[in-house]
Amino acid sequence: MENKKFAYARVSAKDQNLERQIEDFKKYEVSERDIFYDKLSGKDFNRESYQQLTRYMLREGDTLIVKSLDRFGRNYELILEEWRYITKEIKAEIIVTDMPLLNTTTNRDLIGTLINDIIISLLSYVAENERLMIRQRQKEGIAIAQKNGVKFGRPEIQIPENWMEWYTKWKQVEASALSLI
């Protein structure tokens with residue numbers, strides 16, 4: 001059986017674009033049908049496409065390609081756990097395209113493994129720290145906006161003056177919702 005190349009792309013929100021990541025995968029000759037993606041936060045690995053890829057598609061000897069480690073996820077411990085799961089349990093290779101040192105296809109010896117482990121630990125920590133900083137900046141921004149009178153959420157419903165009259169008719173089945181329009 002031939003080893004396959006898979007790619008995984010992730011953005012945090014539905015309105016964000018995956019194209020820059022997908023474009024990068026073309027250099028590695030990954031078939032379009034073997035590119036998996038999610039438009040969800042990287043706080044954990046509970047992402048449908050990611051789970052489908054790693055639990056059902058990825059096999060021993062295959063290669064998983066990601067653009068950067070933070071596209072993989074943003075939780076330090078979970079990134080380390082997933083990396084170990086893929087490389088040790090599945091026995092698949094991983095290539096992080098924007099970090100050539102994180103390429104298990106070329107750095108297979110003991111020193112390469114050690115370097116990979118150190119870099120993954122450091123970058124996973126940085127990714128999680130960035131997620132925490134984003135949350136903190138967001139919280140501070142919301143507090144300042146609220147202090148300046150910005151209202152969040154749905155606007156209050158304006159109740160018409162004759163509300164009780166129409167409500168009473170509606171309750172007594174004298175009027176339908178359509179007659180209110």
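The values are calculated or read from the model by the stated rules, or taken from the named source; none is laboratory data. All of these numbers come straight from a predicted model, not from anything done at the bench. Methodologically, a virtual Cβ is constructed for each residue, glycine included, from the backbone with ideal geometry; neighbour enumeration extends over all protein chains shown. For the accessible areas, the whole protein counts, side chains as well, though only heavy atoms, and no ligand, DNA or RNA atoms are used. Shrake-Rupley method; radii C 1.70, N 1.55, O 1.52, S 1.80 Å.
For VAL173, VAL150, VAL96, what's the largest-to-smallest order of accessible area, 1.4 Å probe? Don't jump to the answer; show the numbers that get you there.
Details: VAL173 125, VAL150 70, VAL96 0 Å².
I get VAL173, VAL150, VAL96, largest accessible area first.
When ligands, DNA and RNA are left out and all protein chains stay put, how many square angstrom of accessible area per residue does segment 113-165 have with a 1.4 Å probe?
Per residue, segment 113-165 has 89 Å² of solvent-accessible surface.
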Exercise. Given a Förster distance of 22 angstrom, what is the FRET efficiency for ILE118 paired with LYS43, based on the Cβ-Cβ distance and rounded to 0.05?
Worked result: 0.40
Problem set entry | Charge-dipole axis of the chain as Lys and Arg at +1 and Asp and Glu at -1 on Cβ define it, positive-most pick from GLN138, ALA7, LEU18 | GLN138
Exercise. Per residue, how much accessible area does segment 1-67 show when a 1.4 Å probe rolls over the protein heavy atoms, in square angstrom?
Worked result: 62
For this session: With everything on Cα atoms, drop me the angle between helix 110-147 and the longest principal axis of the chain, reported from 0 to 90° to the nearest 10.
Result: 20
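For a Förster distance of 35 Å, can you work out the FRET efficiency between the beta-carbons of GLN146 and TRP166, rounded to the nearest 0.05? Could the numbers behind the result be given before it?
Values: r = 35 Å, r/R0 = 0.99.
After rounding, the FRET efficiency stands at 0.50.
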Problem set entry | Shape category assigned to segment 1-97 from the gyration tensor of Cα positions, a/c cut at 1.5 | oblate
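Ignoring everything except DSSP H segments at least 4 long, calculate the 222 nm mean residue ellipticity for the chain; use -39,500 (n - 2.57) per segment, divide by total residues, nearest 500. Mind dumping the intermediate values first?
Values: 6 runs with 72 residues, N = 181.
Rounded to the nearest 500, it is -12500 deg cm²/dmol.
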For this session: Report in % the part of the accessible area of the chain that belongs to carbon and sulfur, leaving out ligands and nucleic acids; probe 1.4 Å.
Result: 54
